[in-house]
1. How big is Rg to Rh over segment B:1-140, alpha-carbon atoms, Rh as the Kirkwood inverse-mean-distance radius?
2. Which order do the peptides B:133-140, B:301-308 come out in when sorted by mean C-beta neighbours inside 10 angstrom, highest first?
3. As a test of the definition: which semi-axes, in Å, follow for segment B:18-100 when you take the square root of five times each eigenvalue of its alpha carbon gyration tensor? Largest first, please.
4. Rolling a 1.4 Å sphere over the protein heavy atoms, what is the accessible area per residue of segment B:89-192, to the nearest Å²?
5. Using just the alpha carbons, could you tell me how many Å³ per residue the convex hull of chain A encloses?
6. What ranking do B:54-64, B:197-207, B:106-116 get when scored by the average of other Cβ atoms within 10 Å per residue, highest first?
7. Taking Cα atoms, how many degrees apart are the long axis of helix A:115-126 and the longest axis of chain A, rounded to 10 and kept between 0 and 90?
8. When the helix-only estimate is applied to the protein assembly as shown (DSSP H runs of n ≥ 4, each -39,500 (n - 2.57), divided by the residue count), what is the mean residue ellipticity at 222 nm, nearest 500 deg cm²/dmol?
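The values are calculated or read from the model by the stated rules, or taken from the named source; none is laboratory data. What you see is a predicted model; the values in this text were computed from it and never measured. In this analysis, Cβ positions are derived from the backbone assuming ideal geometry, glycine residues included, and neighbour counts consider all displayed protein chains. Just the protein is used for accessible areas: all its heavy atoms, side chains included, with ligands, DNA and RNA removed. Shrake-Rupley method; radii C 1.70, N 1.55, O 1.52, S 1.80 Å.
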There are 2 protein chains.
Amino acid sequence: MQDQESVDLDQRWSERSVLITGGLGFIGSTLAIRLVELGARVTVVDSLIPQYGGNLFNLEGHEQALRINLSDIRDRYSLEVLLQDQEVVFNLAGQTSHLDSMRDPETDLAINGTAQLSLLELCRRVNPGVRIVFASTRQLYGRPRYLPVNEDHPVEPVDVNGINKLSAELYHRLYADVYGLSSCVLRLTNTIGPRMRIKDARQTFVGIWVRRLLEKQPIEVWGGDQLRDFNDVDDVVEALLLAAADPALPPGPYNLGSHEKVSLRELAERLIRLNGRGDLRIVPYPAERRKIDIGDYYSCYERFQVATGWQPRRRLDDTLERTLHYYRRHLAAYV
Amino acid sequence: MQDQESVDLDQRWSERSVLITGGLGFIGSTLAIRLVELGARVTVVDSLIPQYGGNLFNLEGHEQALRINLSDIRDRYSLEVLLQDQEVVFNLAGQTSHLDSMRDPETDLAINGTAQLSLLELCRRVNPGVRIVFASTRQLYGRPRYLPVNEDHPVEPVDVNGINKLSAELYHRLYADVYGLSSCVLRLTNTIGPRMRIKDARQTFVGIWVRRLLEKQPIEVWGGDQLRDFNDVDDVVEALLLAAADPALPPGPYNLGSHEKVSLRELAERLIRLNGRGDLRIVPYPAERRKIDIGDYYSCYERFQVATGWQPRRRLDDTLERTLHYYRRHLAAYV
């Protein structure tokens with residue numbers, strides 16, 4: 001038996017046309033599966049660039065229930081056709097690695113800046129009534145001046161990725177303001193769960209920790225005392241759905257976040273405990289990364305909570321346990 | 001007889017190799033001429049895109065004293081060679097029209113964002129010891145929340161140009177912070193004087209006012225009550241030289257500005273009075289531009305004044321008079 005809220009949610013999404021950029025990625029694929037369950041007509045776009053989060057396995061078994069279009073968001077011609085007649089775009093595609101953005105800043109800009117601007121121009125021209133939800137990042141706050149970080153905190157990105165994500169966010173808000181495009185910006189904090197990239201630390205360091213644990217290697221914790229908040233991917237999916245569902249919701253930006261905050265060392269220890277075994281090694285923060293280290297970070301997500309009623313509902317331990325369970329079964333598909 | 005300060009200035013620039021991007025433009029060419037006077041070895045780069053500020057006439061008569069290289073800053077291969085062995089880069093090239101940035105946002109991004117990032121990458125690789133001074137703009141503050149606007153004012157660009165100039169500024173500051181590149185960012189307010197674009201309002205509305213006045217057409221003043229501050233181009237050139245001369249000066253950003261502020265209507269009236277004749281017509285702010293109107297604006301430039309001793313020294317009336325005089329003699333070269 002469904003409660004009233006889920007009935008509402010079903011009706012809200014049933015038969016609606018939805019495009020997810022980055023839809024083979026961690027969050028995008030989890031969202032796609034949820035939307036299929038809710039009865040939406042889902043198209044996912046993904047470049048499958050090997051260093052990014054896209055993985056065909058993320059939607060294995062769901063291929064008949066949605067449309068998978070392999071293309072890069074820098075390819076504006078395919079995007080123009082895919083955007084037509086969509087009611088909602090979940091704009092999740094992006095380069096997410098902070099280190100890669102420093103090694104190859106121009107590619108980061110092409111994907112996280114230029115392609116985002118093109119996408120908005122296309123929406124304005126071929127689908128001005130679309131609702132577009134953009135996944136931004138806490139990365140653009142830089143080193144917190146105070147905690148928890150709310151949306152009024154100064155924006156001081158410490159890497160090229162943060163600068164370009166800021167531009168993309170500002171484009172989304174500008175197109176709402178000037179052209180009346182219905183956009184909404186969420187600033188995600190660390191998101192974890194099944195389907196995240198675990199091959200390396202490009203998407204989240206928790207990914208490589210899970211991999212090393214399951215491969216019986218010690219987890220390397222850089223520093224260890226830094227505090228972080230983590231969101232379960234299912235909570236983030238719920239936030240994305242809420243942000244999309246109400247076209248009257250102003251563009252934001254809105255932080256996501258969690259009331260549970262832990263140090264990196266504690267997170268590693270919890271993972272080891274939940275796994276039943278494992279080791280961790282504290283190593284000094286690598287020199288190459290020190291300049292883009294931000295110290296402690298956790299969010300205030302009150303603005304989004306007040307606007308939509310959202311709050312994170314999954315406990316961190318449950319998320320970690322579910323994640324370990326997922327990768328124990330599917331490790332080979334992710335390494 | 002020179003005073004001590006000018007002797008110092010001469011010695012500081014004598015025989016130094018200097019590159020000016022946008023060097024055929026309004027500020028760039030004025031700076032180039034000044035640097036030649038000071039004994040520097042000057043190379044200017046300019047794309048001469050017809051809609052922008054570059055004009056060969058700006059350096060007419062100076063061609064033998066400096067090197068003019070026609071190329072676009074999006075052309076990274078020529079830029080790579082031109083950057084080598086320069087001691088200072090004055091990075092002034094850019095798309096400056098707010099309206100053009102809305103009509104063709106991708107070009108604005110390519111020039112004001114992508115090319116700026118490439119330039120910094122090139123500096124880092126082929127000339128990491130260079131001092132680079134970047135001309136940013138008050139445009140990125142958006143609608144002032146308080147006046148005068150200092151550098152702590154929130155950054156809330158109201159057009160694509162402001163977003164992209166913000167990115168470029170953040171790249172310059174990031175490359176200073178992470179790679180030790182010696183950069184400095186000045187946020188210019190309305191700059192006027194000889195050599196500005198007067199063909200249309202793309203660079204500054206004062207340009208088209210001067211043109212209309214000299215062509216005996218009424219000046220069109222949009223709104224009229226908005227307050228603005230104006231800097232004489234010679235004061236801006238002095239600021240650029242000061243920002244470049246001290247490699248220990250932190251990247252900023254630093255506002256330029258003026259203690260003299262006037263309404264647009266008053267500025268038009270002054271121009272007419274100084275010209276001896278002319279008419280003005282107050283027209284409602286055009287709908288197309290209303291969304292990117294920012295209301296009153298004037299800067300606090302105290303941070304730069306404290307850091308370098310700079311202050312604007314030219315009186316607005318003198319600037320306007322010198323400007324009218326210049327265009328009376330050279331109108332044909334600018335329309």
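1. Values: Rg = 15.4 Å, Rh = 15.6 Å.
That ratio equals 0.99.
2. Values: B:133-140: 25.5, B:301-308: 18.0.
In descending order of packing, they fall as B:133-140, B:301-308.
3. Details: eigenvalues 73, 49, 22 Å².
Its equivalent ellipsoid spans semi-axes of 19, 16, 11 Å.
4. Details: 2570 Å² over 104 residues.
Here the per-residue accessible area is 25 Å².
5. On the way: hull volume 43.0 nm³, N = 335.
Cα-based convex hull of chain A, divided per residue, equals 128 Å³.
6. Working: B:54-64: 15.8, B:197-207: 20.5, B:106-116: 22.5.
The peptides rank, most packed first, as B:106-116, B:197-207, B:54-64.
7. The angle comes out near 20 degrees.
8. Working: 26 runs with 268 residues, N = 670.
That calculation yields -12000 deg cm²/dmol at 222 nm.
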